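Written out below as structure tokens is the structure these notes cover.
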Amino acid sequence: MSNFTDFHAFKQYDDVRLKYVYDAKDLGNEDIIIFPGSKNTITDLEDLKKRGIFDKVKELKEKGKIIVGICGGLQMLGKKIYDPEHLESDILETEGFDFFDYETTFDEIKKTEQVTKKIESIEGILKDFSNYEIEGYEIHQGVSTFDNPVICKNRIFATYIHGIFDNSKFTNDFLNIVRREKNMPEQKEIFSFNEFKEKEYDKLAKLLRENLDIEEIYKIIEKK
């Protein structure tokens, strides 16, 4: 698993409990299942199959569980993953969850960029999210063919964009879907996770300035 920070935004909501699952027996009572990024997507997917998580999630999908894939998680939710050049493992190809029609092929080009993208016409559980603007970043090998930055089918959605849940309006509105289904009160006020992060960065910067010789660091940088 990589990019643990994709989940940090959820910790700011009092009515959300976050847990990490390593075994199929620990799955079943969650409202949302999220597959995060991975540095070895095929190997991790094979591990999910060995642990029984793969089959368990397929079973939970049929029961209407909300499932999300981010980056490597997105690749897992498709039909197949190919690694013809053995860039990630010795495995040439593996079957994905087949929740979406796309396939992924790894190549040597690694995409790394900050992005701001608008969700186009979308269906499923995110049918009211058309025209939402999402900020984040992409960092992945592998090409999967689809047009929308976020794709959704029924109660499953996926994206290559890390930091999608840092977008507070998107996240709060998404959580409100679950709140309504569970007859919980919706949250109207939007907590800004990006503002929270900026304040934390400012605290860190202040701490560094107070405890480091910044001028000396600048001199070292200039010499290089």
From the C-alpha gyration tensor of the stretch 1-76, square roots of 5λ in Å: 19, 17, 11
Ordering of 74-87, 96-109 by burial proxy (mean other Cβ atoms within 10 Å per residue, highest first): 74-87, 96-109
Eligible lysines near Lys65 by straight Cα distance, threshold 17 Å, same-chain separation 8 or greater: Lys19, Lys25, Lys56, Lys127, Lys153, Lys182
DSSP beta bridge pairing in the chain, given as percent antiparallel to the nearest 5: 65
Calculated [θ] (222 nm, deg cm²/dmol) that DSSP helices of n ≥ 4 give over the chain, each run adding -39,500 (n - 2.57): -9500 deg cm²/dmol
Given charges at Cβ of Lys, Arg, Asp, Glu: the chain dipole, positive-most of Leu208, Thr145, Leu60: Leu60
The stretch 93-157: trypsin sites (Lys or Arg not before Pro) falling in loop per DSSP and having at most 10 other Cβ within 10 Å: Lys127
The stretch 8-188: equivalent-ellipsoid semi-axes (sqrt of 5 x gyration tensor eigenvalues, Cα, Å): 26, 20, 14
Per-residue ³J(HN,Hα) for the stretch 37-45, Karplus 6.51 cos²θ - 1.76 cosθ + 1.60, θ = phi - 60°, Hz, x for Gly and Pro: x, 8, 8, 9, 4, 5, 4, 5, 5
Highest-MSF residue in the chain out of Leu208, Leu27, Leu92 [GNM, Cα springs under 10 Å]: Leu208
Sparse-neighbourhood loop sites, GluC sites (Glu not before Pro) in the stretch 143-190 - DSSP loop, at most 10 other Cβ within 10 angstrom: Glu189
All aspartates and glutamates inside 15 Å of Lys117 as judged from Cα atoms, apart from same-chain residues fewer than 8 positions distant: Glu133, Glu135, Glu138, Asp147, Asp166
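Only the coordinates and a few stated rules stand behind these numbers; no lab work does. Note that this is a predicted model, so its numbers are computed, not measured. Cβ: placed from backbone, ideal geometry, glycine included. Neighbour counts: every protein chain shown.
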